[in-house]
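Single-structure report; data block below.
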Amino acid sequence: MRYDRQIKLREVGSSGQEKLKNASVLIIGVGGLGCPAAQYLTGAGIGKIGLMDHDKVSITNLHKQVLFNEADVGKSKALVAKDKLQHVNSEIELIAIEEALTIANAENLFKQYDLILDGTDNFETKYLINDVCILTGNPWIYASIYKNEGQLSVFNYQDGPSYRCLFPKTTRQNVSCEATDVLGVTPGLLGTLQAAEVLKIILGVGSILSEKLKLINVLTGTEQVLNIQKRPEEIEKIRSKGIIPVHIDCEVRDKGTIYLDVREDFEQPRINSENVIQIPLGKLQDRFREIPGTEEVLVFCQSGKRSLRAIEMLQKNFGFQNLKNVEGGIETIIHG
C-alpha cells in the first residue's frame, strides 16, 4: 500500500522497490539541499539513510530547510530530521550522525553506504567527499548553490569523471549560502533533483548526470547541460597519494588587534595568528573564559551573521561589553 503508486510505474515495479529497500544513502548536510532530498528518499523507501550534520537548527534557515519549524530552533539538525522522517516512514533505518565530516571519519563512514549525497556548502568538504569516494568507490551526487543559480552532477559513477576533473583547483574565497543569501526554492529544487539522481542510479533507469554538469537559474527559468571532460591524472593522483586536504591560509591585516573567530574548524580560509582566538559558535558557552574581558575584541565569521549572534549571546549570558562585530565577515579583515 505504501509504495503502490510508484510500484505501478514500469520503471520501478516490485523488483525496483526491492532495490530501493536494499539500498543505502549517506546525506552529508541536512540543510537546504539535504532536507528535500531526505524527505523524498525517505518517502521512496530507501532502506538505510544516514543523516550527517553537526549543526543546530537556526531560525534564519527555516525559509530553505523546510523539514524544520520554529519549535526545532536550537536543536540538533540530525536528531530532529531523524525523528521527523521516521514518522514519515517507520519501515526504513534512519541514522543520525551528529558530527562534521573529517579526514579521520570519512572513509570508514562511506564504506557503510552505497551512495553519497552532498548537501554541503563549502569547497573543502566537497573535495574531501570527492577524494574519499575515489578511494572507496562510492558514486556521489553533487549540488552547489549560488544565489539564484544551482549546479548538479554525479561524480565517480561507473569510472566517470570526478569533482577534481571539473575543478582541479579551488579558489581561495569560500562562498556559502550564509555569505551570499539564497531564495529557499533554489536549494529545494536542487535537493529534489539530487534525490531523483539517487533513485535513477539505484533503479538503473534513465540517463544519469555523470559526465554532465546541469546548470539551473531559478529566476530566468533556464537550464543548460555541459559536458565534463574526464582527467584520469586527477583521479590517479588521489588513488596513489590518498586524500589531499584543501587548506586555504591567510593573514589578518591588523596584527595589533585581538580577533575572535567563531567559524567551524573546517571553514576556509584559516587564519594562523597569535592575535586570533578560534572558538566555534557552538562552543562559546563552555570556552568564554578564553576571551579577554577588557581589551576590544573584533568578532568575525564568514559573513558577519553568526558573529553578531555570538556577541549578543556573550553580552547577555556573560556580560561582555568589549566585543565588536566584523560586518561583512572574514573577507574584510584579511589580505587579498
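The values are calculated or read from the model by the stated rules, or taken from the named source; none is laboratory data. Keep in mind the model is a prediction, meaning the values are calculated, not measured. Here Cβ is always computed from backbone atoms with ideal geometry, including for glycine, and neighbour counts include all displayed protein chains.
Would you check if L62 is surrounded by fewer than 19 Cβ atoms within 10 Å (Cβ to Cβ) and either out of contact with any Asp or Glu (no Cβ under 8 Å at 6 or more places or on another chain) or in the same structural domain as L183 (by TED's automatic domain parsing) (or both)? Yes, satisfied. Look at (1) over 13 Å from the mean Cα position of the chain (by Cα); (2) on the phi < 0 side of the Ramachandran plot; (3) assigned to a loop (DSSP other than H, G, I, E, B) and you find that G74 fails only one, number (2). If you go through the stretch 128-153 and pick out every residue that is touching a Gly at 6+ places or on another chain (Cβ under 9 Å) and charged (D, E, K, R), you end up with 1. Contact map, the stretch 72-98: first residue assigned by TED's automatic domain parsing to the domain that holds G43, second residue among the polar types (S, T, N, Q) and assigned to a helix (DSSP H, G or I), Cβ cut-off under 6 Å, separation 6 or more or different chains; pairs are L85/T42; V88/T42; N89/T42; L94/Q86. Can you tell me which residue in the stretch 119-152 is farthest from D53 (Cα to Cα), limited to those that are in contact (Cβ under 8 Å) with a residue 24 or more places away in the chain and part of a loop (DSSP other than H, G, I, E, B)? Ranking the qualifying residues of the stretch 119-152, first place goes to N148. Within the stretch 276-315, the residues that satisfy the criterion of being under 20 Å from I59 (Cβ atoms), polar (S, T, N, Q) and out of contact with any Ser or Thr (no Cβ under 9 Å at 6 or more places or on another chain) are Q285, S307, Q315. If I filter the stretch 301-322 for residues that are surrounded by 18 or more Cβ atoms within 10 Å (Cβ to Cβ), at pLDDT below 85 and either of a type outside the set (A, V, I, L, M) or under 25 Å from the mean Cα position of the chain (by Cα) (or both), do I get at least one hit? Checking the stretch 301-322: at least one residue is surrounded by 18 or more Cβ atoms within 10 Å (Cβ to Cβ), at pLDDT below 85 and either of a type outside the set (A, V, I, L, M) or under 25 Å from the mean Cα position of the chain (by Cα) (or both).
Looking at E267, E295, E274 in this structure, which one is of a type in the set (D, E, K, R) and either outside any loop (DSSP other than H, G, I, E, B) or under 16 Å from Y127 (Cα atoms) (or both)? Result of the check over E267, E295, E274: E267.
Just one residue in the set K316, K255, K324, K283 is more than 20 Å from T125 (Cα to Cα), out of contact with any helix residue (DSSP H, G or I) (no Cβ under 7 Å at 6 or more places or on another chain) and in a strand (DSSP E or B); that residue is K324.
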